[in-house]
Amino acid sequence: MTVEQNVLQQHSQKHQQTLLNQLREITGTTDVQLLQQALQVSNGDLAEAVAFLTEKNAKVPKQDETTYYQTSQVASDRYISVGSQADTNVIDLTGDDKDDLQRAIALSLEESSRAFRETGITDEEQAISRVLEASIAENKASLKRTHTEVWRDSPNPHDRKRIDSCPVGLKNVGNTCWFSAVIQSLFNLLEFQRLVLNYSPPARVHDLPRNQKEHRNLPFMQELRHLFSLMVGSKRKYVDPSRAVDILKDAFKSSESQQQDVSEFTHKLLDWLEDAFQMKAEEDREGEKPKNPMVELFYGRFLAVGVLEGKKFENTEMFGQYPLQVNGFKDLHECLEAAMIEGEIESLHSAENSARSGQEHWFTELPPVLTFELSRFEFNQALGRPEKIHNKLEFPSMLYMDRYMDRNRDITRIKREEIRRLKEHLTLLQQRLERYLSYGSGPKRFPLADVLQYAMEFASSKPVCTSPVEDIDSSVPPGGTAGQPLPPPSTAEQESLPPLESSGAASVSTTAPTAAQQRVPIHKPFTQSRLPPDLPMHPAPRHITEEELRVLEGCLHRWRNEVENDTRDLQGSITRIHRTIELMYSDKSMMQVPYRLHAVLVHEGQANAGHYWAYIYDPHQRCWMKYNDISVTKSSWEELVRDSFGGYRNASAYCLMYINDKKPFLIEEEFDKETGQILSGMDKLPPDLKQYVKEDNELFDKEVVEWNTLQAHKAQQEKLALATAAAAALAASSTSTTSSSPQPMSIESSPPDNTVPQQDPEYMEQPSPTNDSKHLQEDTERAISRAAEEQDERSPEAVLNAAMMTPNMQGIIMAIGKSSSVYEKNGPEAAFFKAIKLEYARLLRFAKEDTPPENDYRLQHIIVYLIQNQAPKKILERTLLTQFADRNLAFDERCKSIMNVARAKLDLIRPEEVNMDEYEMWHQDYRNFRETTVFMMTGFELFQKTNYVEALMYLIYSYQYNKELLSKGLYRGHDEEPLGHYRRECLLKLNEQAAAMFESGEEPEVTTGLGIMNELVVPCIPLLLVHDAERDLLAVEDMRNRWCSYLGQEMESKLQEKLTDFLPKLLDCSTEIKSFHDPPKLPSYSTLELCERFSRIMAALGRVPVEGR
């Protein structure tokens, strides 16, 4: 790929990325594949892409109901997006017609009003119904998904088993993450939990519900009790809330399609709970005013004091979730201050009655659970859709509400007035400070102290008596002129020019014959940027006397000190005022109403799509927990801050739940009245719920037993199949080995036993299980006896040809041979332990040896690679066991018996003992190491054959891959120096060839030479520049100097034109990596062949010269 093509490709990629960002912002969709598909279908037209996405979200199968919902797949199927089927009044909003948008809004309002008149159901209830129907419909219809199903249960019940007393998660049954976040926050309020668990419906309701509310709320309460009981005592890691969500969905019927904020669900949930408890309270306290525990827990009162058209008023109002605006405020207290004051309130505290209107809110009674609803959504009139506010908003873990209480009204007003006065003074100080820090009258401004310092530096510079343009030789062309030789440089110019290094090839010259031996220093405008030594680094005054300089320096120095002192005084005053404001409410009298943060409900995404989760404080473990659907994990305040404050991510808090810190009953566990012990688990449940949870746990236990039985049956079948295959392989191998004439294999002396680990893992200590299949065991023994008779007691070293085996297999067979005496005396189990210890000791010795580059034991044995890179012990053990369990060992009785022991040991390894993901990662790293070795070896071989064009790609990729390996550890890859040396040499050789072709002047040769530079050398130069290695930088300078040397030489105009076009690409100092050819295809090598070729090429190349090139 040429450089021009690279530039066009990069421009195209940047343009496409810009369109993707715009499309993501307009639609709120974060699925990159879906966005790219939309751009591809629309040929890059943004309007058509939006229309495509709108139509795509609208296409779902027809349903019986007039309203259907489709969940948009935005990086996860947990995101919520509600759409509607086209009705008789269809308006296309995908075009640019603004009248359509206005008609759509008007139609929506008209239908909303008509629906309320006809059905009596409010918009709020309809909105909740739509969100719930979206969740249930998506779960029941099983719509096709573009991504992997997130909430598909694992078939293994052990993956779904609760560990000890860990909190229970909630399954996402179709975009119900909002339900999980709210329910978990309420469930972890232990007082609320107790109220729900101990709730019993009124007696009269068992006969017949009186109205729609009872028909709806009481079944929901029962399902909520069931759900809470499972969250208390279930053996499952997470439980299914589908029944409760189903009831919520059936509560309303709607034909509208506007989506409301999910926080409305919390309002409605508390309303339903309040109604349910109200019915019970009325039955329990006939004749008395009933107390509703939901009202006492979640509702408070405030006093509205204000003036309306000059008339004062006071009203007491009740509140539940207190709404707060986020936009324009930096922390929770600022939001509260703004929410407590509306309009102009000066007349509230004055004796005069003016015509101004305004009001203040003062809390008279705060609920034990104080919930703030943060308004993070607003409607964008220009775009005609809601948008999320991502501004940062800080909130404390402990909130003191004293300043907002009615009993502190007078004190708070005094303090607010003091804060207002301080802020006015603060504004004046900040304005004055800004004049010092941004001095000047033009568009560019600088700190005044720096301006004075610059003036002092200018005045103190060495005066010059000439014009800044007079000492420049106008005879030197700025960029070289074709066909005109440069004049001989002066002595001063020769001294100022850098020495030119020879690149090792004959240079083209048009002057004296001796020029071929020594190049004449020439002006190189692209590479030479050093200033002459007599030119000052900075501008300086032409004429200045010592007296003038002394006076000026004195004034500037004094003024600068004055400015710095003034700046420090202003900054100090500003800091003190900030501190005074912060401590305004810190006295004890204003810290008597503490509320501690209990839960933070977080939303990530945009206004019409997103995911919800909750952070909930656990007072017993004294840590924050993250409740993310089925996942419940320990968290921290730092993680909460990162996800909840907002400002730099799409995630931010939309609901804060504080609890009164002076009412510990809210989060205290319940005690047994007789024993005084804390009630936990099933003991917390009433009898009916105990039975419900017990039955569910029995179902889960049954599922676990059935799974274990199935897995045991599968394992037994696999063992039987392996044993049958082993017997057949033994019979086949015994026939083939009798006719072969194997070469003997030398046996090394056994190393001392103290070189192996002294403590074996648990599965190594367990006895190997016996085969339960008696007839199969007898068949195997008969086959082994026949093979033993045919083998005539020959050792394994005489059975196989060493040249046909891998180094791993050779070592294992030698270890088994050395353990033959143990096998005869104590059987295969003892022989296996002896053999595996011998093999590990041998490989450990290899890992510790200091070998020459051509003899790399890592290529022969993965165990050596793992030892040198300090892999975990469990990874080493399983790898070694796998090698001893190789089916190729089944050629005689002794090897086969030890192989069966190794397989039995592998079967005993439990999943929790060896992390298979980590195991696979280590083996993948080893495969990458071998692949990098093949790249390097092939590149060295091609370089040795002077095939530099093909060698370059192998050397480039091997260097990059090797660098990635070395970033993980010193022994993960090869020595970087040889690779860097031959990569550098290959580029220099190609540059030399291309330069020679250019010097020939022949059109085909010139074209080929410039092609080599443009397609191979130039794209690789950033790879040499990116790490600032000295030798790489020198190599790049050599290549550039070679081509820049042609600037002052006579050549044809065509050559001069091509050189002028090419040089800017070569001299580009950017370190941006250009795209080049794909990695070459690699052949497959056996271990023996790979080791042999690697040893041969490394020995042939010898050691890299210390001085580089």
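The values are calculated or read from the model by the stated rules, or taken from the named source; none is laboratory data. Small disclaimer: the values here were computed from a predicted structure and weren't measured. All Cβ positions, even for glycine, are placed from backbone atoms using ideal geometry, and neighbour counts span all protein chains on display. Areas reflect the complete protein model, heavy atoms only, side chains present, ligands, DNA and RNA absent. Shrake-Rupley method; radii C 1.70, N 1.55, O 1.52, S 1.80 Å.
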Qualifying position, being in contact with a Cys (Cβ under 8 Å, 6 or more places away or on another chain) and at pLDDT below 50, among Thr510, Thr527, Thr514:
Thr527
Considering the range 873-911, residues that are over 17 Å from Ile836 (Cα atoms) and touching a Leu at 6+ places or on another chain (Cβ under 9 Å), and then whichever is most open to solvent (accessible area, probe 1.4 Å), we arrive at Glu893
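Only one residue in Ala815, Ala841, Ala830 is assigned to a helix (DSSP H, G or I), closer than 24 Å to Ile909 by Cα and without any contact (Cβ under 8 Å) to a residue 12 or more places away in the chain, so which one is that? Can you show your working first?
Details: Ala815 fails: without any contact (Cβ under 8 Å) to a residue 12 or more places away in the chain; Ala841 fails: without any contact (Cβ under 8 Å) to a residue 12 or more places away in the chain.
Step by step, each of Ala815, Ala841, Ala830 is checked, and only Ala830 is assigned to a helix (DSSP H, G or I), closer than 24 Å to Ile909 by Cα and without any contact (Cβ under 8 Å) to a residue 12 or more places away in the chain.
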Qualifying positions in the range 430-453 - buried (at least 16 other Cβ atoms within 10 Å of the Cβ) and touching a Ser or Thr at 6+ places or on another chain (Cβ under 6 Å):
Tyr436
List the residue pairs whose Cβ atoms are under 8 Å apart, where the first residue sits in the range 217-230 and is without any contact (Cβ under 8 Å) to a residue 24 or more places away in the chain, the second is surrounded by fewer than 22 Cβ atoms within 10 Å (Cβ to Cβ) and outside any helix (DSSP H, G or I), and the two are 6 or more positions apart or on different chains.
Gln222/Pro201
For the range 687-699, indicate whether the set of residues that are assigned to a loop (DSSP other than H, G, I, E, B) and surrounded by fewer than 12 Cβ atoms within 10 Å (Cβ to Cβ) is non-empty.
no
Give me the pairs, please: first residue somewhere in the range 311-339 and closer than 21 Å to Tyr400 by Cβ and among the basic types (Lys, Arg), second residue anywhere and part of a loop (DSSP other than H, G, I, E, B) and open to solvent by less than 40 Å² (accessible area, probe 1.4 Å), beta-carbon distance under 6 Å, and either six or more positions apart or on two chains.
none
Could you go through the range 1016-1031 and let me know if any residue there is within 15 Å of Lys989 (Cβ to Cβ), free of Cβ contacts under 8 Å to residues at least 24 places away in the same chain and open to solvent by less than 10 Å² (accessible area, probe 1.4 Å).
no
Which of the residues spanning the range 296-319 are open to solvent by 20 Å² or more (accessible area, probe 1.4 Å) and either β-branched (Val, Ile, Thr) or under 18 Å from Met657 (Cβ atoms) (or both)?
Glu296, Tyr299, Thr316
Selection from the range 947-970 of residues that are assigned to a loop (DSSP other than H, G, I, E, B) and either in contact with a His (Cβ under 9 Å, 6 or more places away or on another chain) or modelled with pLDDT of 90 or more (or both)
Asn947
Which of the residues spanning the range 642-677 are open to solvent by 10 Å² or more (accessible area, probe 1.4 Å), part of a helix (DSSP H, G or I) and free of Cβ contacts under 8 Å to residues at least 60 places away in the same chain?
Arg642, Pro664
For the range 178-229, give me the residue count where each residue is assigned to a loop (DSSP other than H, G, I, E, B) and modelled with pLDDT under 85.
8
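Out of Val864, Val914, report the one residue that is open to solvent by less than 50 Å² (accessible area, probe 1.4 Å) and modelled with pLDDT of 90 or more. Talk me through it step by step, then tell me what you get.
On the way: Val914 fails: modelled with pLDDT of 90 or more.
Just one listed residue meets the conditions, Val864.
Hey, can you tell me all the residues within the range 926-937 that are open to solvent by 10 Å² or more (accessible area, probe 1.4 Å), of a type outside the set (A, V, I, L, M) and touching a residue at least 24 places away in the same chain (Cβ under 8 Å)? Outline the logic, then answer.
Here is the first cut: in the range 926-937, the ones open to solvent by 10 Å² or more (accessible area, probe 1.4 Å) are 926-928, 930-931, 934.
Now narrow it down to the ones that are of a type outside the set (A, V, I, L, M): 926-928, 930-931.
The answer is Tyr926, Asn928, Arg930, Glu931.
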Would the range 573-583 turn up any residue that is at pLDDT below 95, surrounded by fewer than 15 Cβ atoms within 10 Å (Cβ to Cβ) and part of a loop (DSSP other than H, G, I, E, B)?
yes
Apart from one, (1) in a strand (DSSP E or B); (2) modelled with pLDDT of 90 or more; (3) open to solvent by 20 Å² or more (accessible area, probe 1.4 Å) all hold for His333; the odd one out is (1)
